[in-house]
Amino acid sequence: MLPPHSWHGTGPQPLVLIAGLGAPGSSWKPFLATASEHYRVLTLDNCGAGRAPAAPSGLRIGDMARDLLGLLDALSLARVAVVGRSMGGMIAQELALLAPDRVSRLVLAGTTGRVDRHLAEVFLSWARMAESGVSQAIRHESSMLWCLGGQALDTHGPASHYLRLRSRCDRPLDYARQARACAAHDALDRLGAIRCPTLVMAGADDRLTPLRHARELAAAIPDAAMTAIPGAGHLAYLEAPDRFAARVLTFLDGGATQCPSATTPW
């Protein structure tokens, strides 16, 4: 069964957006609207999210990458640009390794090439909370503190958006199975095989995947560029939408690989 999917915009080139943990493809707002002005954008619901069927026990990141590849085959999409955030960035890595000739340009946002012990324990704690019946409000408030930076929490808007999305899309068991898949992700030693132009993006205030993950990821992919958005946390597309969109579109349009203002003092 193909992943549920939707098309947006009428641009000449296809762009695939891969959502993060527990989120449907529609969760890419507001970037989705901006990208749709320039590209024909394909969003999809990963296994266990949105309109997709329940996630199986033992789900792996590679399984979701193969689901996406099957969708590209069914839609006769020979070559696409790909933007993946968080878990979606993990899926994007596996897709680029599985079918390197199918990815023209790659953006990996707020993600990692190898989940270390600390990050794995965060994912596993989220899985255990979902599996053990912890209330929706507590689970979502807990994950929000990891996913949003301090500036976003101060302004309240991104926090309200995040909690509404999580509440609307809550599927606890499927969320837990996706979280366990994230905890097991490790593509780092294989990423040298990626040959398409790649941009690694990070929020400078990302608490879930701190900047060391972005640096390690960019170093593992030949000729990859890295950009960090000051003040943004894990969900830069939501916390700093204008800056996120500008950097992604500059890169996808074939502009300078090292985007303007890409270097942030550490």
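The values are calculated or read from the model by the stated rules, or taken from the named source; none is laboratory data. From a predicted model like this one, the values you see are computed outputs, not experimental measurements. Using ideal geometry, Cβ is built from the backbone for each residue, glycine included, and neighbour counts are taken over all protein chains shown.
Observations
- Residue that is within 16 Å of E141 (Cβ to Cβ) and touching a helix residue (DSSP H, G or I) at 6+ places or on another chain (Cβ under 8 Å), where the choices are L153, L188: L153
- Residue among Y175, Y162 that is in a helix (DSSP H, G or I), hydroxyl-bearing (S, T, Y) and under 26 Å from G62 (Cα atoms): Y175
- Only listed residue being small (G, A, S) and farther than 24 Å from E131 by Cα, chosen from A176, A224: A224
- Any chance R85 is under 15 Å from the mean Cα position of the chain (by Cα), of a type outside the set (A, V, I, L, M) and modelled with pLDDT of 95 or more: yes
- Listed here are the helices (runs of 4 or more DSSP H) enclosed by segment 183-266 that have at least 1 residues being within 22 Å of Y39 (Cβ to Cβ) and modelled with pLDDT of 95 or more: 236-239, 241-252.
- Considering segment 214-227, and only residues there that are surrounded by 24 or more Cβ atoms within 10 Å (Cβ to Cβ) and within 16 Å of the chain's Cα centre (by Cα), the residue that is farthest from A65 (Cα to Cα) turns out to be T227.
- The listed residues are A193, A232, A137, and the only one of them that is of a type in the set (G, A, S) and either crowded, with 16+ Cβ neighbours inside 10 Å or within 18 Å of the chain's Cα centre (by Cα) (or both) turns out to be A232.
- Every test in (1) crowded, with 19+ Cβ neighbours inside 10 Å; (2) of a type in the set (A, V, I, L, M, F, W, C); (3) more than 26 Å from L15 (Cβ to Cβ) is passed by L108 save one, and that test is (3).
- Pairing residues of segment 131-152 that are closer than 20 Å to Y237 by Cα with residues that are at pLDDT below 95 and of a type in the set (G, A, S), at Cβ distances under 9 Å and at least 6 apart in sequence or on separate chains, gives H140/S167; M144/A159; L148/A159; A152/A159.
- Within segment 217-245, the set of residues being in contact with a helix residue (DSSP H, G or I) (Cβ under 7 Å, 6 or more places away or on another chain) and farther than 25 Å from R79 by Cα comprises A228, I229, G231, A232, G233, H234, L235, A236, L238, E239, P241.
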